[in-house]
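Chemist: Before I ask anything, here is the structure I am working with.
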């Protein structure tokens, strides 16, 4: 039975309009994105198959084009649409930050960092630069590769912070393994950078590690 034959209250699009997007399951939201199913398979059932095959929305969104297009008859047009949606979300979050978000809205900051770093297949080290009111001045990925004292140079971090005339910074990096627990190297480089920036009165507000689950905040853990 096609979705058009379902009661209107159970159709994903009508349900969204009546109750809001938050009332829909992952499969129902994905079905709206897919728009149509395949022969004998409704869009919702196709969405369920995709989520089961990939393991969830995050894994589906992070799949490459060849992997995405090889599953369930999805083509490059649908992949391009997905990438456009994801990029619009990243830009929406960036604009929220650029319009004066402060550390009074840490959820927005963490959502932005997740959108920028979680999909990275290599370990990267990034920095949010803040003014005296802790409004965001800018964001940069500063280093790529293993995050350790040999790879991350305080002078480069300091140079970038001074170029923004930053009063404070938030560090962030990803763990491609998916486990966000801070390593000894993570703690050591944070201490080293904090000491270097303190020499020019730039405060380190937090260091946030992005993994598969909830981000880990050094500030919340009392590690700063």
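The values are calculated or read from the model by the stated rules, or taken from the named source; none is laboratory data. Predicted, not measured: the structure shown is a model, and the values here were computed from it. Here Cβ is always computed from backbone atoms with ideal geometry, including for glycine, and neighbour counts include all displayed protein chains.
Chemist: Working only within the stretch 165-183, note down all residues that are under 16 Å from residue 125 (Cβ atoms) and either touching a residue at least 60 places away in the same chain (Cβ under 8 Å) or surrounded by fewer than 22 Cβ atoms within 10 Å (Cβ to Cβ) (or both).
Modeler: The answer is 170, 175, 176, 177, 180, 182, 183.
Chemist: If you don't mind, there's one more thing I want to ask. What pairs can you find where one residue is in the stretch 40-55 and more than 18 Å from residue 12 (Cα to Cα), the other is in a loop (DSSP other than H, G, I, E, B), and their Cβ atoms are less than 7 Å apart, with a gap of 6+ or different chains?
Modeler: 53/71; 54/63
Chemist: Out of 34, 46, 82, 50, which single residue is at pLDDT 75 or above and in contact with a strand residue (DSSP E or B) (Cβ under 7 Å, 6 or more places away or on another chain)? Write out each step before concluding.
Modeler: Values: 34 fails: in contact with a strand residue (DSSP E or B) (Cβ under 7 Å, 6 or more places away or on another chain); 82 fails: in contact with a strand residue (DSSP E or B) (Cβ under 7 Å, 6 or more places away or on another chain); 50 fails: in contact with a strand residue (DSSP E or B) (Cβ under 7 Å, 6 or more places away or on another chain).
From the options 34, 46, 82, 50, the qualifying one is 46.
Chemist: So how many residues does the stretch 28-66 have that are surrounded by 16 or more Cβ atoms within 10 Å (Cβ to Cβ) and either in the same structural domain as residue 211 (by the TED database) or on the phi > 0 side of the Ramachandran plot (or both)?
Modeler: 0
Chemist: Could you say which residue among 117, 137, 193 is surrounded by 15 or more Cβ atoms within 10 Å (Cβ to Cβ) and touching a helix residue (DSSP H, G or I) at 6+ places or on another chain (Cβ under 8 Å)? Write out each step before concluding.
Modeler: On the way: 117 fails: touching a helix residue (DSSP H, G or I) at 6+ places or on another chain (Cβ under 8 Å); 137 fails: touching a helix residue (DSSP H, G or I) at 6+ places or on another chain (Cβ under 8 Å).
None of the other options fit; the residue is 193.
Chemist: In this structure, is residue 138 under 22 Å from the mean Cα position of the chain (by Cα) and farther than 26 Å from residue 96 by Cα? Quick ask: steps written out before the conclusion?
Modeler: Working: under 22 Å from the mean Cα position of the chain (by Cα): yes; farther than 26 Å from residue 96 by Cα: no.
No.
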